[in-house]
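The values are calculated or read from the model by the stated rules, or taken from the named source; none is laboratory data. Remember, predicted model here, so these are calculated numbers, not experimental data. Don't worry about glycine lacking a Cβ; one is built from the backbone with ideal geometry, like all the others, and counts go over all protein chains shown. In case anyone asks, the SASA skips ligands and DNA or RNA and just uses the protein heavy atoms, side chains included. Shrake-Rupley method; radii C 1.70, N 1.55, O 1.52, S 1.80 Å.
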Amino acid sequence: MSKTLPKLKQHPLQQGFTWIAEPIKYMETAVKDYPDLFLANVVGEGGPIVFVHHPEGVQKILTGDGFIATGKSHLLRPILGNNSILGLEGDRHVKRRKLLLPPFHGERMKAYGQLICDLTRQIFEQFTPNQVFTARTACQDISMQVILEAVYGLNDRSQKLRQLVSEIAEIFQSPLNVSLLFIEWLQKDLGPWSPWGRFLRQREAVDSAIYKEIEVRKANPDVSREDILSLLISAKDEAGNSLTLPELRDELMALTFAGHETTAISMSWALYWIHHLPEVKRKLLAEIATLGKSPDPVEIAKLPYLNAVCKEALRIYPVGMLTLPRVVQKKTEVLGYELEPGQLVAGCIYLLHQREDIYPDAKLFKPERFLKRQFSPYEFIPFGGGQRACVGQALAQFEMKLAIATILTNYDLALADNKPELPKRGGARLAPARGVQMVFNGKRNKSGLLKNSTLEQLVA
Ligand code: HEM
């Protein structure tokens with residue numbers, strides 16, 4: 001006989017408040033009573049939603065045929081609109097994924113390798129000795145430029161877009177403004193100085209820059225262009241129809257938004273851990289040195305310890321706390337609990353990644369765990385999985401590795417103070433509360449890098 005779904009006891013208002021203001025506290029309190037799943041009654045997620053954090057349950061909801069990936073309850077809808085991949089369902093969603101996946105994989109993605117290394121150098125060359133900087137901002141400069149190159153092909157107009165998109169992202173850094181995304185009735189235009197009014201005006205400016213770009217491209221078709229906007233403009237469905245203007249606009253916004261903040265936050269967490277734990281930095285430098293003076297980006301991306309450090313950074317504080325929601329289609333059982341049709345469910349990435357039975361000493365940063373063991377795609381899910389798995393995961397990991405290797409080999413950095421960096425909600429994401437404050441000590445003397453370390457020495 002199946003069991004009744006466990007519910008959190010607190011009033012929905014209290015749950016909603018804690019989930020918005022202190023999501024880690026919310027999840028860690030709940031998991032004490034409900035180690036595998038629970039029904040959360042929180043605003044902004046589209047209704048009561050089951051958080052699942054047991055690998056078997058996660059596999060079932062992400063890949064089982066009784067679940068569909070809904071596009072309905074997406075928190076960022078006011079920014080991204082209704083017509084991007086994130087808002088689509090069923091057949092339309094499958095077709096859009098088919099269109100978007102190739103440019104983020106294989107040869108096309110490798111073409112961004114040199115660009116990532118060059119951009120990273122460009123940004124770090126601007127720092128002067130003893131300058132204190134925020135790692136998240138520096139990483140955001142890198143990831144924004146990379147996504148603009150991939151999506152639009154860099155040009156002067158996309159630089160203007162960069163500014164405008166950053167300003168929108170900035171609005172939702174404050175917890176007060178984040179609550180506007182969660183609570184629809186607060187979304188009122190009370191003039192240009194009110195947070196929502198400011199957002200609407202900013203959105204209008206972004207929209208008009210995007211529409212202008214589309215207009216210019218349509219008027220000057222160029223078959224040699226390989227950016228995603230060109231691909232989307234030329235795409236046709238079986239009936240020969242092209243994407244409409246709102247569809248193009250929403251897709252460009254979705255990729256720009258989904259693609260830059262997530263990667264930047266993950267990179268800044270990695271930089272934090274590397275500089276917080278001298279042994280990790282030492283091992284990384286030794287491994288990178290094995291590639292010689294001017295390593296090929298593809299070779300950098302294959303380094304096992306670098307890969308393990310990036311994975312551990314994505315595990316310990318995943319940028320996305322939840323996968324996108326799925327909806328139960330027919331009465332079904334998950335981990336012995338019966339779920340009714342219409343019930344929303346999501347993989348709770350944070351709690352899954354904190355399970356002691358999968359990750360012993362889960363609160364500690366230990367990259368070696370990824371060298372010693374292969375985790376299943378339902379034990380390690382920073383990019384979700386199944387029908388809605390992250391489209392940009394290969395690019396994001398490639399970018400993290402190349403940027404980190406470039407930074408470490410060329411520049412000597414340190415954390416600006418000894419205060420621990422803690423995770424805090426920033427928009428829909430979990431981000432370092434202080435953005436990781438660092439000091440630029442100067443350029444690194446390459447001959448000082450450690451050489452000749454074996455993988456066994458690195459794991460030890
Ligand atoms: C470290 C960086 C990133 C992280 C941690 C991340 C995480 C995620 C997660 C958790 C999901 C939901 C998956 C699910 O529900 O199963 C997702 C979806 C998505 N991500 Fe990422 N992402 C990252 C980078 C990127 C980049 C660089 C792009 C764009 C190029 C991107 C584009 C998308 C899109 C379009 C979706 C929706 C897919 C769909 O609806 O089918 N992401 N991502």
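At a glance:
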| quantity | calculated |
| --- | --- |
| Odd one out for S453 among (1) open to solvent by 20 Å² or more (accessible area, probe 1.4 Å); (2) at pLDDT 95 or above | (2) |
| Set F38, F17: member being more than 16 Å from the ligand (Cβ to nearest atom), open to solvent by 30 Å² or more (accessible area, probe 1.4 Å) and farther than 11 Å from L351 by Cα | F17 |
| Helices (runs of 4 or more DSSP H) fully within segment 132-225 counting 3 or more residues that are modelled with pLDDT under 80 and more than 30 Å from Q15 (Cβ to Cβ) | 156-171 |
| Answer residue from segment 409-424, given it is away from the ligand (no atom under 15 Å from the Cβ) and outside any loop (DSSP other than H, G, I, E, B) and is farthest from P278 (Cα to Cα) among those | K424 |
| Some residue of segment 2-13 being assigned to a helix (DSSP H, G or I) and on the phi > 0 side of the Ramachandran plot | no |
| Counted residues, segment 67-118 - those being farther than 18 Å from K401 by Cβ, part of a helix (DSSP H, G or I) and either of a type in the set (A, V, I, L, M, F, W, C) or in contact with a Ser or Thr (Cβ under 6 Å, 6 or more places away or on another chain) (or both) | 7 |
| Extreme residue, farthest from the ligand (Cβ to nearest atom), among residues of segment 128-160 that are in contact with a strand residue (DSSP E or B) (Cβ under 7 Å, 6 or more places away or on another chain) and open to solvent by less than 50 Å² (accessible area, probe 1.4 Å) | F133 |
| Enumeration of residues in segment 289-335 that are charged (D, E, K, R) and surrounded by 15 or more Cβ atoms within 10 Å (Cβ to Cβ) | K311, E312, R315, R326 |
| Long-range neighbours under 9 Å by Cβ, at least six apart or interchain, first residue crowded, with 17+ Cβ neighbours inside 10 Å within segment 422-446, second in a strand (DSSP E or B) and of a type in the set (F, W, Y) | Q437/F133; M438/F133; V439/F133; F440/F133; F440/Y411 |
| Only one of F375, F370 that is more than 12 Å from the ligand (Cβ to nearest atom), outside any loop (DSSP other than H, G, I, E, B) and of a type in the set (A, V, I, L, M, F, W, C) | F370 |
| Options R77, R108, R96, R92: the member that is basic (K, R), at negative phi, more than 12 Å from the ligand (Cβ to nearest atom) and open to solvent by 10 Å² or more (accessible area, probe 1.4 Å) | R77 |
| Yes/no for E45 being within 26 Å of I316 (Cβ to Cβ), open to solvent by 30 Å² or more (accessible area, probe 1.4 Å) and at pLDDT below 95 | no |
| Residue list for segment 381-408, filter: more than 6 Å from the ligand (Cβ to nearest atom) and part of a loop (DSSP other than H, G, I, E, B) | I381 |
